[in-house]
Amino acid sequence: MAETPNALRINFFRNAIGFIMLAYAIIFFLVKSPNDPYDRLIINDGKAYYAYLPALFIYQDLQFGFIEYYESKYYPSDAEPSYFKEFRFQFRGQTVNKAFAGIAVLILPFFLLAHVLALLFGDPDGYSMIYQYAIGLSAYFYLWLGLLTLKRLL
């Protein structure tokens, strides 16, 4: 017996989160290339939010003096000056991050997982590929969680 158009529509909306997540994953793998220094996952303002984690867990440097190290190693130096968004500023003689730490708290579990894996298999400097993919996974997870919450709300 064939399903009615309303039943098909209901089934589509019931599975909409799965379709959206699948589309996001396909687009990610077709478009993104984190190995390219111009196409990293931790970029622009995300660097400011993320910087708290390597500052605390790897470098023990809340003055963010390690920024030049990772910028020269993982990001293009020949890019236009606006490619690097300076997030540090001086306040009462201290260098501080202008971004709030809330996003860092949300991505902390993914960072810790990446850090353990980097300690075992790679380069535990906070910006290598394993960290880039972990932060991408955190975005994917919070997209899923947000869509699930929206579905339940509606």
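The values are calculated or read from the model by the stated rules, or taken from the named source; none is laboratory data. Note that the structure is a prediction, hence the values are computed from the model and not measured. Every residue, glycine as well, gets a Cβ built from its backbone with ideal geometry; the counts of neighbours run over all protein chains shown. Calculation scope for accessible area: heavy atoms of the full protein, side chains included, ligands and nucleic acids excluded. Shrake-Rupley method; radii C 1.70, N 1.55, O 1.52, S 1.80 Å.
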Answer yes if at least one residue in the range 29-39 is under 26 Å from residue 144 (Cα atoms) and at pLDDT 95 or above, and no otherwise. no
Quick one: would you say residue 143 is of a type in the set (A, V, I, L, M, F, W, C) and at pLDDT below 90? no
Where in the range 19-112 are there helices (runs of 4 or more DSSP H), lying wholly inside it, with at least 3 residues that are of a type in the set (A, V, I, L, M)? 52-57
The range 128-154, subset within 18 Å of residue 73 (Cβ to Cβ) and under 11 Å from the mean Cα position of the chain (by Cα), residue surrounded by the most Cβ atoms within 10 Å (Cβ to Cβ): 131
Going by what's in this entry, would residue 139 be described as of a type in the set (A, V, I, L, M, F, W, C) and either touching a Lys or Arg at 6+ places or on another chain (Cβ under 8 Å) or over 26 Å from residue 23 (Cα atoms) (or both)? no
Can you find, within the range 114-127, the residue that is nearest to residue 34 (Cα to Cα) among those that are of a type outside the set (D, E, K, R) and surrounded by 15 or more Cβ atoms within 10 Å (Cβ to Cβ)? 127
Taking the range 83-108 and keeping residues more than 17 Å from the chain's Cα centre (by Cα), among the basic types (Lys, Arg) and open to solvent by 80 Å² or more (accessible area, probe 1.4 Å) leaves 92, 98
